[in-house]
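K.L.:
Here it is, the structure in full.
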Amino acid sequence: MSSVASVSEAPSPAQSPVGEPPSFEDFVAARSAALWRSAWLLTGDAQRAEDLLQTALVKVWRRWSKIAKDGAVEGYARRALVTTYTDWWRRRWTGEVPTETLADGVSDAPAELADLRHDLLSALSRLSRGQRAGVVLRYFEDLTEVETAAALGCSVGTVKSQHNRALAALRSSPLLADHEEPR
C-alpha cells in the first residue's frame with residue numbers, strides 16, 4: 001500500500017471535470033487509505049486488511065462504469081468491503097498468511113497506547129461481525145446511522161440495536177476495564 005502514502009495530495013473523486021464521472025484511479029488514490037483503515041479495523045490484521053481492500057476494489061472496478069455514473073462510488077466501495085469481509089468469515093478459512101518479514105513488535109507509541117490498542121482490538125474481535133462493522137462505520141468512518149444502514153444493507157433500527165449492544169459489550173469488557181475512559 002505504499003502507493004497510497006500520499007493520499008492528501010491525490011485529487012478527490014469529486015474534483016473531476018463537471019459532468020464526467022471520476023476515474024477509478026482517482027478514486028483509489030483518494031480513498032484507499034481510509035478504506036484500508038476500515039478493513040484493518042474489521043480484520044485486525046494488516047495483511048488481511050490489504051487482501052480485503054484489494055478484493056473489494058476488484059468488485060468496485062468490475063462495476064465502475066455503472067456506479068460512477070450513479071454517483072454511489074463511496075457507498076458501493078464500503079458495502080463491497082463489508083460484504084467481502086462477511087463472505088470471508090462465512091468461509092471460515094483459518095490458514096496461515098505468509099509474510100516476507102516478521103513483525104518485531106516495536107512501536108513508536110508509548111507502552112500504554114500499545115496496550116490500549118491491543119486490548120481494543122481484542123475487545124472488538126469479541127463482538128459479532130455486524131456489531132463490529134457497525135462500530136467501525138459509525139466511529140472510525142464517521143457515518144450517520146442512515147449511511148451505516150445503507151452500507152450494511154439493513155434497517156436503521158438494526159444499526160441502532162447492534163450499535164447499543166456493541167457499546168454495552170465494549171463498556172463491560174474486562175479487557176478495557178483497566179483503561180481510563182477517553183475524554
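The values are calculated or read from the model by the stated rules, or taken from the named source; none is laboratory data. Fair warning: this is a prediction, and the values are worked out from it, not measured in the lab. Here Cβ is always computed from backbone atoms with ideal geometry, including for glycine, and neighbour counts include all displayed protein chains.
K.L.:
Given Ala111, Ala103, Ala169, which one is over 25 Å from Asp51 (Cβ atoms), at pLDDT below 80 and of a type in the set (A, V, I, L, M, F, W, C)? Talk me through it step by step, then tell me what you get.
P.N.:
Values: Ala103 fails: over 25 Å from Asp51 (Cβ atoms); Ala169 fails: at pLDDT below 80.
Only one candidate passes the filter, namely Ala111.
K.L.:
Identify, please: which residue in the stretch 26-80 is farther than 15 Å from Val136 by Cβ and aromatic (Phe, Trp, Tyr) and is, among those, surrounded by the most Cβ atoms within 10 Å (Cβ to Cβ)?
P.N.:
Phe27
K.L.:
Out of Trp36, Trp89, I need the residue that is at pLDDT below 90 and within 24 Å of Ala123 (Cβ to Cβ). Which one?
P.N.:
Working: Trp36 fails: at pLDDT below 90.
The conditions single out Trp89.
K.L.:
Among (1) out of contact with any Asp or Glu (no Cβ under 8 Å at 6 or more places or on another chain); (2) farther than 27 Å from Phe24 by Cβ; (3) modelled with pLDDT of 85 or more, there is one condition Asp142 misses while meeting the rest; what is its number?
P.N.:
With respect to (1) out of contact with any Asp or Glu (no Cβ under 8 Å at 6 or more places or on another chain); (2) farther than 27 Å from Phe24 by Cβ; (3) modelled with pLDDT of 85 or more, Asp142 is out only on (2).
K.L.:
What pairs can you find where one residue is in the stretch 52-67 and over 10 Å from Thr84 (Cα atoms), the other is outside any helix (DSSP H, G or I) and of a type in the set (S, T, N, Q), and their Cβ atoms are less than 9 Å apart, with a gap of 6+ or different chains?
P.N.:
Listed pairs, sorted by first residue: Trp64/Ser23.
K.L.:
Among the helices (runs of 4 or more DSSP H) confined wholly to the stretch 111-183, which include 1 or more residues that are free of Cβ contacts under 8 Å to residues at least 40 places away in the same chain and either exposed (fewer than 12 other Cβ atoms within 10 Å of the Cβ) or touching a strand residue (DSSP E or B) at 6+ places or on another chain (Cβ under 8 Å) (or both)?
P.N.:
Counting at least 1 such residues, we get 111-125, 145-152, 156-171.
K.L.:
Could you grab me the full set of residues in the stretch 51-88 that are among the small types (Gly, Ala, Ser) and either in contact with an Asp or Glu (Cβ under 8 Å, 6 or more places away or on another chain) or assigned to a helix (DSSP H, G or I) (or both)?
P.N.:
Listed by number, the residues that qualify are Ala56, Ser65, Ala68, Gly75, Ala77, Ala80.
K.L.:
Here's something else I'd like to know. For the structure I just gave you, tell me whether Ser23 is surrounded by fewer than 20 Cβ atoms within 10 Å (Cβ to Cβ), modelled with pLDDT of 65 or more and of a type in the set (Gly, Ala, Ser).
P.N.:
Yes: the conditions hold for Ser23.
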